[in-house]
Amino acid sequence: METSSTVLVTGATGFIGRRLVAELTERGTTVRAMTRRPDDYDGPGEPVGADVDDPATLPAALEGVDVAVYLVHSLDHDDFEERDARAARAFGAAAARAGVRQIVYLGGLGDDDGDLSPHLRSRREVESLLGEAGVPVTTLRAAIVVGHGGVSWELTRQLVKNLPAMVVPRWTATRTQPIAVDDVIRYLAGVIDNEDAVGEVFEIGGPEAMTYLDMLTVASEVANGRSIPVVPVPVLTPRLSSYWLALVTDVDVTTGRNLIDSMTTEVVVRDRRILDVVPGDPLPYQEAVRRALAERLAEQNAL
C-alpha cells in the first residue's frame, strides 16, 4: 500500500473501524476517522464528522480521499435493508464525485446462488450499490468475526458464560467459518491500494469450518475449562430464538433476530484467493477465542 494515500474509514469508532484506523496509522497511512460525533473522538487519525444517512455531510469528508473503507450496517433497525441500500448508494455516488479510486467493503459470506437471509442479501446489495457510480469496490466477505466487542462474538461469550446448559435450536447445526478480528484487520489493510485487489471479491475465514454448536463448545472449554451440556430443541424458530437470546444476553431482539436469520444459511469459504493477495496463515478459532477473552479481561483491569 502506498503510504502517501489518504484513507477514509467509516464507522471509525466501531468494532472493526477503530482497530483498522489504529493499524493503518501505525503503517504510516494518512487516515481520516469518520464518525457522527467527531468532537468525542479520541482515537488515532484525523476525526471527520459525517453520516452516511445524511448525504449532504459526505462531500467534505471524502474530499482528497484516495481509498474509502465502508464499515456501515444497520442490524439494529427493522428496516435495515432499505436503510443500508440508501446509504450505500449515496456513499458510492459521493465517492465517485470526490475522485476516490477504491472503496473497500466488509460484506457477508454465503453462496450467491443460495437462499440468502435478509441480512446476507442486504450485504450483497450494498456491494453492488457502492460501485454503482463507478468507483471500483474491493469486497471481503466474512462470517462471524471473533473479537472483543463484536456482536456475534458477544452472543457466543455471554451464552457460554450465563447458561449452565445450552438449549439449542436447529440453526446451531449450520456450518460457518469464523475468523479472528486480527485477520480481518490484516486483510482489510492488505487490500487497500493493492492493484491485485481492486474490483475483486474475496472470501475470508479462519482455517476451520465448524457448526455454531462447535463454536459454543470450544468457547466454553476455553472460557470455563469445561464443555457446556447441550439440550436440542428442534422447534425453536429464529423469532423465538431472538427472544431467548434477549433474555440471556444483552443483545437486543431486533439485532438478535437479524443475526439468527442469517445463521440458518451455511457460510463457508470456498475461494482462498485472498491468501495469494494477502499472504499469511489465519488464526485457529481456539486462539481467536483466547485473544478475545484476554482483551476483554485487559480492558476490565484497566478500568
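The values are calculated or read from the model by the stated rules, or taken from the named source; none is laboratory data. These numbers come from a predicted model, not from an experiment. Note that each Cβ is placed from the backbone with ideal geometry, even for glycine, and that neighbours are counted across all protein chains shown.
Against the numbered list (1) at pLDDT 95 or above; (2) out of contact with any Lys or Arg (no Cβ under 6 Å at 6 or more places or on another chain); (3) over 17 Å from Val184 (Cα atoms), Tyr70 comes up short only at (3). Scanning region 265-280 for residues that are in a loop (DSSP other than H, G, I, E, B), among the hydrophobic types (A, V, I, L, M, F, W, C) and closer than 16 Å to Asp111 by Cα yields Val268, Val269.
Filtering region 13-45 to residues that are surrounded by fewer than 22 Cβ atoms within 10 Å (Cβ to Cβ) and polar (S, T, N, Q) leaves Thr13, Thr25, Thr30.
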